[in-house]
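S.K.: What follows is a single structure, and I will ask about it in a moment.
Values quoted throughout were computed directly from the atomic coordinates according to the rules given, and no laboratory measurement underlies them. Treat the numbers as computed from the prediction; the structure is a model and nothing was measured. Backbone-built Cβ (ideal geometry, glycine too); neighbour counts: all protein chains shown.
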Amino acid sequence: MNKITKSGASKQRHKRRVISIAVATTIALISILFFIANNVSGTTGPIREVGDQFKVPSDWTLISEEIEPPRFFCFKGGSCPELSRRWSTKTQMSKEALSDVLSKSGWRFTIENDCTTPKNTHGDYISICRAEGLINGYNVSIHASVSSYDETRHEIAIDIRPSY
């Protein structure tokens, strides 16, 4: 009976070892596949082409650009691919100036609001006008904003995302 018990205990240990190895192998394979899927990204060429169509005046200063390439998993809370650019300008954007930039870019977007700072509004960046449209399968959103705390801070932003 001792031999049966030892043999049974040995089989149990062997079974646990096999299950442990199988679980560890599965976790390792899933981790590797997840890493590959997240780090293999597609080209940003098409979304850059749309962003490059936006013809900004030479006196605008690019202050940031973020491009998220297409991936299997997107983690930044947005979609991917995604392109965001921000410029500072010396003067507040007018509706006519934004219309001119859109026209030079070949885009026919409707501008919402009149690009004037609302009365009794305070904030670091207050949106004063925006324009949105669809270009080559991408949603394009352009925002002009001002700071109520610093009258010299004016910013224009463009955000581009897939339209799905």
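S.K.: Where in the stretch 125-146 does the amide nitrogen come within less than 17 Å of the point 7 Å from the Cα of TYR164, taken along Cα to Cβ?
M.R.: 135-140
S.K.: Once the cut-off is 28 Å, how many percent of the Cα-Cα pairs in the chain end up in the long-distance tail? Mind showing how you got there, number by number?
M.R.: Numbers: 6015 of 13366 pairs.
Percentage above 28 Å: 45.
S.K.: Okay, moving on. Helix hunt in the chain: which complete DSSP H runs extend at least 18 Å axially by C-alpha with mean Kyte-Doolittle at least -0.5?
M.R.: 2-39
S.K.: Test of understanding: what is the full-extension gain from ARG17 to PHE35, defined as 0.36 nm times their sequence separation minus their Cα-Cα distance?
M.R.: Values: separation 18, 0.36 × 18 = 6.48 nm, distance 2.68 nm.
Extra length available between ARG17 and PHE35 comes to 3.8 nm.
S.K.: Of GLN92, GLN53, GLN12, which has the largest mean-square fluctuation in a 10 Å C-alpha GNM of the chain?
M.R.: Of GLN92, GLN53, GLN12, the Gaussian network model singles out GLN12 as fluctuating most.
S.K.: May I pose another question? With 10 angstrom as the radius, rank TYR125, TYR149, TYR164, TYR138 by how many other C-beta atoms surround their C-beta, starting from the fewest.
M.R.: Final ranking by Cβ density, sparse to dense: TYR164, TYR149, TYR125, TYR138.
S.K.: Could you calculate the contour length gain from ILE27 to SER141, that is, 0.36 nm times the residue separation minus the distance between their Cα atoms, to one decimal place in nm? List each step's numbers first, then the result.
M.R.: Working: separation 114, 0.36 × 114 = 41.04 nm, distance 4.12 nm.
Roughly 36.9 nm would be gained on extension.
S.K.: Relative contact order for the chain using alpha-carbon pairs under 8 Å, separation at least 6, rounded to a whole percent?
M.R.: 20 percent
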